[in-house]
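Q: If you scroll down you'll find the structure; I have some questions about it.
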Amino acid sequence: MGDKLSALWRKVSWAWSPESERESSEAIVKNFWLHWFPAKVARASMDWNYSFWLGTASAALLLILTVTGVMLMFFYVPSTERAYGSIKDLQYAVSFGRLLRNQHRWAAEGMVAVVYIHMARVFLTGAYRGTRAINWLVGVALLLVTLLLSFTGYLLPWDQLAFWAITVGTSIAKQAPVLGPTIQFILLGGHEIGQQTLLRFYVLHVFFLPVFVLVLFAYHMWRIRKDGGLAVIERVRNDRVMAPKAASKTKSYSLFGITPGTSVQVMSSTGLEESDQVFSSPDLSRRMMLVFLVVFNITLLAALLFNAPLEGLANPSVTPNPAKAPWYFVWLQELVASTTVRLGDFTVSGALLGGILLPGFLLGVLTLWPWLDGSSFRTEGRWLAPERRRQNLTFAIATLAIIVLILVGVYLRGPYWRIYWPGQPRPEMPRLY
Amino acid sequence: MGDKNESFEAKDFGWLVAMSVLFFALVVVGFWFEFSTDWGSYQQEFPQLLGHYGKVEDAREFRPGIKQIWIPKIGVTDRCITCHLGYEWSSVLPATIAEPLKPHPMNDWLAKHEFSRFGCTPCHGGDGSATTLAGAHEGGRGWEDPMLSRALAKQYGLTMSEMMQMRCNFCHRHDVATPGMDEINLAKQLVIKKKCMICHVVEGRGGATGPELTYEGDRNPELLNFAHVHGERTMFNWNVQHLTQASVVSPNTQMPDFNMTPEESRALTLMLLSWRRLPYPPEYIPDPEMAAAAMQPSPTSPPTPAPSATPVAR
């Protein structure tokens with residue numbers, strides 16, 4: 001009965017199902033949507049606990065952002081006079097507009113986090129060795145573009161939060177040596193935030209940066225194929241090569257007939273065995289679908305529960321106190337504030353050290369890390385390999401420091417950029433009436 | 001091949017079903033949120049109310065949905081009337097009906113300020129674009145145009161109509177005196193009497209000893225010194241106390257203490273807070289002479305000086 005039911009289910013749900021392994025492989029190659037998968041993938045790379053599927057989750061977030069973003073573009077007007085009003089319309093008058101904006105917002109902030117955690121996973125599993133170093137570089141570029149996408153999107157509502165966060169962000173960029181003022185001028189399209197800035201950020205946000213992400217993303221995927229899959233495969237392969245393989249029962253022939261003993265034999269596997277692999281369709285595609293669904297559900301739940309922030313209309317003459325950068329840049333702002341030295345009336349701005357040199361150094365080290373890592377090939381594709389303990393510890397401490405700075409900046413900093421502990425009363429800021 | 005594939009199918013299929021069910025549930029919740037609006041029940045009640053008071057035809061023609069007064073040239077998108085549906089039915093509905101369906105009171109000068117030309121928020125403040133109770137009345141952080149309410153006015157010892165005169169003066173700024181705007185009229189007299197413009201520049205006229213006051217209402221309240229202000233830290237309080245005794249609020253000021261009565265300093269504060277950069281085009285600005293003429297025959301309003309040649313605060 002059960003067999004009949006499942007056979008019926010298959011007939012109803014599948015127009016065609018592969019009859020042989022060959023057909024299974026061809027199904028991947030012949031299908032446009034599946035052709036970028038290999039015909040077979042290693043079981044180890046399907047493991048939840050190895051990759052946590054963070055790359056797939058980032059891709060899912062990118063898809064959500066693209067779809068919701070295109071829908072938002074039908075309502076949003078990139079003009080300093082209309083932008084804020086069009087966001088209010090989305091909030092209050094457009095059907096499902098609030099949900100759309102919320103989901104876009106939370107998916108965007110989620111993507112910054114997930115892309116970073118994805119990078120942390122790659123670091124902690126030492127998955128950037130050999131040819132994979134190229135993909136590490138592409139990944140670092142993708143992290144930067146993700147941050148830029150989020151930053152350019154932050155300005156678009158044209159409210160106080162957006163206006164002053166971008167003021168803080170671009171003022172830090174101004175402190176870069178030599179090119180600083182030029183960078184700020186190019187970003188702002190002038191000397192102060194205005195219509196030109198909004199238009200510039202809009203075009204970057206809806207066209208140039210997404211196209212850049214798509215190109216990098218496609219290359220990122222292609223490189224995974226060319227590198228032979230996830231790094232965990234190298235671990236499995238190494239284990240296979242190390243383990244002796246039982247000699248197969250073969251007959252050995254000499255010129256004169258069967259001779260005793262064995263012929264020349266491969267004594268260990270040179271790579272993955274049949275049992276190490278599964279077909280991409282349906283095992284990989286099903287799990288990928290599951291990850292997309294989970295990510296979609298999480299962002300949808302967040303969109304239903306929490307409203308995207310929207311403050312008063314941008315007002316260049318009234319600075320909110322305190323004015324904070326977006327949370328993923330607030331650690332830079334925190335660094336700027338804490339490296340600013342005051343000697344009487346003389347102030348040495350920390351923007352160069354905290355805003356440019358230190359993050360620039362971190363980025364440089366991050367980029368070069370595959371070539372700085374001198375550990376043995378045995379650490380590849382292995383979580384927290386003992387040989388790489390010091391590297392992993394360094395990475396963890398740097399990440400922890402950034403997280404602490406973000407938490408301090410977001411939750412503890414109050415008016416006049418002073419620290420206010422939870423429960424400590426914050427001064428009431430003056431109101432109109 | 002079969003066995004190994006099924007191990008993944010067995011692991012994932014259940015989750016896939018569970019997540020699909022969750023997704024379906026979330027979509028249902030999304031629809032429920034979308035259609036459970038703050039205004040739905042009022043819009044059900046309103047046609048019945050119209051019918052009850054004999055407007056059967058209008059009740060039948062009533063179509064539910066978000067309603068708005070949209071006046072692009074003054075930047076008004078007021079969706080207040082999505083809930084405040086009775087606003088233009090004062091001739092039919094009694095004033096005893098509870099908010100939000102209560103009709104807007106009507107009088108001579110309100111008849112001159114048609115809803116379709118002025119909307120709601122130019123007089124009342126608040127967030128006109130909002131279609132939620134909290135969004136429209138309370139607003140969020142960075143709120144620069146709070147809704148005027150009786151409670152807010154009472155906090156400063158004013159009635160709501162007195163407080164609202166501040167907003168009348170957005171357009172009536174250049175009137176020497178305006179019927180019905182007693183507070184602002186008092187303030188404008190005081191500007192002449194106390195000779196404010198010996199020290200202060202307003203709209204390009206006056207002395208340069210004190211700060212320019214042309215856009216005093218746009219000042220950032222955070223830049224004011226509240227160290228010597230008692231009560232709540234609001235720009236309103238700062239101005240009231242500063243006008244009463246400037247030397248107390250700003251110890252180093254050159255401004256003399258005018259020792260004004262609370263009524264006088266409140267009136268001047270209302271006028272100062274009305275001096276803002278505003279989007280009203282010329283056709284919204286009344287002719288000052290018309291207002292002056294309107295003041296003359298009225299036997300009930302207090303006597304006001306005729307337009308004079310002396311510089312007048314505008």
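Q: Please determine, by comparing only the residues of the stretch B:211-264 that are closer than 20 Å to B:V201 by Cα, charged (D, E, K, R) and in contact with a Phe, Trp or Tyr (Cβ under 9 Å, 6 or more places away or on another chain), which one is farthest from the other protein chains (Cβ to nearest Cβ).
A: Checking each candidate, the answer is B:E216.
Q: Name every residue in the stretch B:95-114 that is closer than 20 Å to B:Q43 by Cα and surrounded by 11 or more Cβ atoms within 10 Å (Cβ to Cβ), in order of residue number.
A: Across the stretch B:95-114, the qualifying residues are B:A95, B:I97, B:P100, B:L101, B:K102, B:P103, B:H104.
Q: Could I ask something else about it? At least 2 residues that are crowded, with 16+ Cβ neighbours inside 10 Å and within 14 Å of chain A (Cβ to nearest Cβ) in each: list the helices (runs of 4 or more DSSP H) lying fully within the stretch B:1-91 that qualify.
A: Per the criteria, B:2-35.
Q: If we keep just the residues of the stretch A:408-433 that are exposed (fewer than 15 other Cβ atoms within 10 Å of the Cβ), out of contact with any Lys or Arg (no Cβ under 8 Å at 6 or more places or on another chain) and away from chain B (no Cβ under 14 Å), which is nearest to B:W275 (Cα to Cα)?
A: Within the stretch A:408-433, the match that is nearest to B:W275 (Cα to Cα) is A:R418.
Q: Looking for whichever is more than 16 Å from A:E81 (Cα to Cα) and assigned to a helix (DSSP H, G or I) here; the options are A:L149, A:L198. Which one fits?
A: Selected residue: A:L149, the only one of A:L149, A:L198 that is more than 16 Å from A:E81 (Cα to Cα) and assigned to a helix (DSSP H, G or I).
Q: Can you pull out the helices (runs of 4 or more DSSP H) entirely within the stretch A:1-113 that have at least 3 residues that are without any contact (Cβ under 8 Å) to a residue 24 or more places away in the chain?
A: Counting at least 3 such residues, we get A:2-13, A:21-30, A:83-92.
Q: Under 8 Å by Cβ, and 6 or more places apart or on different chains, what pairs join a residue from the stretch A:343-354 that is farther than 15 Å from A:T170 by Cα with one that is at pLDDT 70 or above and part of a strand (DSSP E or B)?
A: Partner pairs satisfying both residue conditions: A:T347/A:V341; A:V348/A:V341; A:V348/A:R342.
Q: Taking the options B:A134, B:A111, B:A98, B:A177, name whichever one is without any contact (Cβ under 8 Å) to a residue 12 or more places away in the chain, part of a loop (DSSP other than H, G, I, E, B) and among the small types (G, A, S).
A: B:A98
Q: Got at least one residue in the stretch A:413-427 being under 30 Å from A:L137 (Cβ atoms) and assigned to a helix (DSSP H, G or I)?
A: no
Q: Scanning for something within 14 Å of chain A (Cβ to nearest Cβ), out of contact with any Gly (no Cβ under 6 Å at 6 or more places or on another chain), of a type outside the set (A, V, I, L, M) and part of a helix (DSSP H, G or I), does the stretch B:190-201 turn up at least one residue?
A: Looking through the stretch B:190-201, none of the residues is within 14 Å of chain A (Cβ to nearest Cβ), out of contact with any Gly (no Cβ under 6 Å at 6 or more places or on another chain), of a type outside the set (A, V, I, L, M) and part of a helix (DSSP H, G or I).
Q: Being within 11 Å of chain B (Cβ to nearest Cβ) and under 20 Å from the mean Cα position of the chain (by Cα) is the filter here; which residues of the stretch A:302-338 pass it?
A: A:A302, A:A303
The values are calculated or read from the model by the stated rules, or taken from the named source; none is laboratory data. All of these numbers come straight from a predicted model, not from anything done at the bench. Every residue, glycine among them, receives a Cβ derived from its backbone with ideal geometry; neighbour counts consider all protein chains shown.
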